[in-house]
Amino acid sequence: MAKATTNKPISKTSAVVQDFLSETYLEASESGRVSLRALAARLGVTPPAVSRMAQRLVRQGLVRREGACGLVLSEAGERIALRAIRKRRIFEVFLVQKLGYTWDEVYPVAASASNYLDDELVERMNAQLDRPARCPHGDPIPTRDGRIQPITDARLSELADGAQGVVSRVSSHDGDLLRYLSSLNIKPGMPIRLVSRAPFSGPLRVRVANGNFHDEHVIGSELASKVWVEVEH
């Protein structure tokens, strides 16, 4: 394994590198592998630009290329990635709880600003927020020492008919999508039940708690794949 050639503090790592490493970590967590094309789509840049950055970070010992897995973070690279993810998610919670943002508004603000925040400032925010475990979208916030809560939930689109549980997270930062889910009361913490689904990847009928009542909605399978549920057993 390549060793990092720098002892630069994580807080001094450039925002571009923090973004690259954090998105590499998230893509690996969601897809199991990290291709240059997928990473380019996440970062909003071209595959050649990702390739050049990857070569640079390989030389620095922060990533390596590993066959079918594509790009893999080194221990040093993962440490920087988790720190960047922690800062971003704490800042998202701060924007919602202290500044009145909604969950569909926070990601672009946090993504553009959180890498520039001083580490100590973020820790003071975290203390003021009473150390939240998850961001507004339901994603777990890594601890200060780089540990992250194991994920045991499942995609709504993959549940069996009749399965029920609580919405744990939504794996999208698309504002229109999040606003639509809000209008259906499908958001982290809400009870949900998969009533039935149409065959051949057709739409799903779900029942969602709404006060003392339950509403039924029909949603597409692609949208349902963005909704994760902690299933009752």
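Kindly indicate the residue of segment 119-132 that is surrounded by 11 or more Cβ atoms within 10 Å (Cβ to Cβ) and assigned to a loop (DSSP other than H, G, I, E, B) and also farthest from the chain's Cα centre (by Cα) among those meeting that condition.
Within segment 119-132, the match that is farthest from the chain's Cα centre (by Cα) is L129.
Would segment 143-165 turn up any residue that is basic (K, R), out of contact with any helix residue (DSSP H, G or I) (no Cβ under 6 Å at 6 or more places or on another chain), assigned to a strand (DSSP E or B) and within 24 Å of R88 (Cβ to Cβ)? Don't jump to the end; show me each part of the working.
If we filter segment 143-165 for residues that are basic (K, R), which is where we start, we get 144, 147, 155.
Now narrow it down to the ones that are out of contact with any helix residue (DSSP H, G or I) (no Cβ under 6 Å at 6 or more places or on another chain): 144, 147, 155.
If we keep only those that are assigned to a strand (DSSP E or B) too, we end up with 155.
Retained after the next criterion (residues that are within 24 Å of R88 (Cβ to Cβ)): 155.
Checking segment 143-165: at least one residue is basic (K, R), out of contact with any helix residue (DSSP H, G or I) (no Cβ under 6 Å at 6 or more places or on another chain), assigned to a strand (DSSP E or B) and within 24 Å of R88 (Cβ to Cβ).
State which residue pairs qualify: first residue under 14 Å from P188 (Cα atoms) and inside segment 147-164, second residue in a loop (DSSP other than H, G, I, E, B) and at pLDDT 95 or above in any location, beta carbons under 6 Å apart, and separation of 6 or more residues or different chains.
Once the first residue is under 14 Å from P188 (Cα atoms) and sits in segment 147-164, its partners that are in a loop (DSSP other than H, G, I, E, B) and at pLDDT 95 or above give R155/S225.
I'm trying to understand the selection: among the residues of segment 133-159, which are in contact with a Leu (Cβ under 6 Å, 6 or more places away or on another chain) and buried (at least 19 other Cβ atoms within 10 Å of the Cβ)?
As a first pass, look at segment 133-159 and keep what is in contact with a Leu (Cβ under 6 Å, 6 or more places away or on another chain): 142, 146, 159.
Matches in segment 133-159: P142, L159.
So that you can scan it fast, the table gives a plain yes or no per residue for (1) surrounded by fewer than 17 Cβ atoms within 10 Å (Cβ to Cβ); (2) without any contact (Cβ under 8 Å) to a residue 12 or more places away in the chain; (3) within 24 Å of D139 (Cβ to Cβ):
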{"residue": "T13", "(1), (2), (3)": "no, no, yes"}
{"residue": "V17", "(1), (2), (3)": "no, no, yes"}
{"residue": "E23", "(1), (2), (3)": "no, no, yes"}
{"residue": "A40", "(1), (2), (3)": "no, yes, yes"}
{"residue": "G44", "(1), (2), (3)": "yes, yes, yes"}
{"residue": "V58", "(1), (2), (3)": "yes, no, no"}
{"residue": "G61", "(1), (2), (3)": "no, no, no"}
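Go through segment 99-118 and report how many residues are assigned to a helix (DSSP H, G or I) and either surrounded by 14 or more Cβ atoms within 10 Å (Cβ to Cβ) or among the β-branched types (V, I, T) (or both). If you could, list the steps in order and put the result at the bottom.
Of the residues in segment 99-118, the ones assigned to a helix (DSSP H, G or I) are 99, 106-116.
Subsequent filtering for residues that are either surrounded by 14 or more Cβ atoms within 10 Å (Cβ to Cβ) or among the β-branched types (V, I, T) (or both) retains 106-107, 109-111, 113-115.
Looking only at that region, the number is 8.
Of the residues that make up segment 78-89, is at least one small (G, A, S), on the phi > 0 side of the Ramachandran plot and in contact with a helix residue (DSSP H, G or I) (Cβ under 6 Å, 6 or more places away or on another chain)? Break it down into steps so the answer makes sense when it comes.
From segment 78-89, those small (G, A, S) are 81, 84; that's our starting set.
Cutting the leftovers down to on the phi > 0 side of the Ramachandran plot gives us none.
Within segment 78-89, none of the residues are small (G, A, S), on the phi > 0 side of the Ramachandran plot and in contact with a helix residue (DSSP H, G or I) (Cβ under 6 Å, 6 or more places away or on another chain).
The values are calculated or read from the model by the stated rules, or taken from the named source; none is laboratory data. Nothing here was measured: the structure is a model prediction, and the numbers come from that model. Methodologically, a virtual Cβ is constructed for each residue, glycine included, from the backbone with ideal geometry; neighbour enumeration extends over all protein chains shown.
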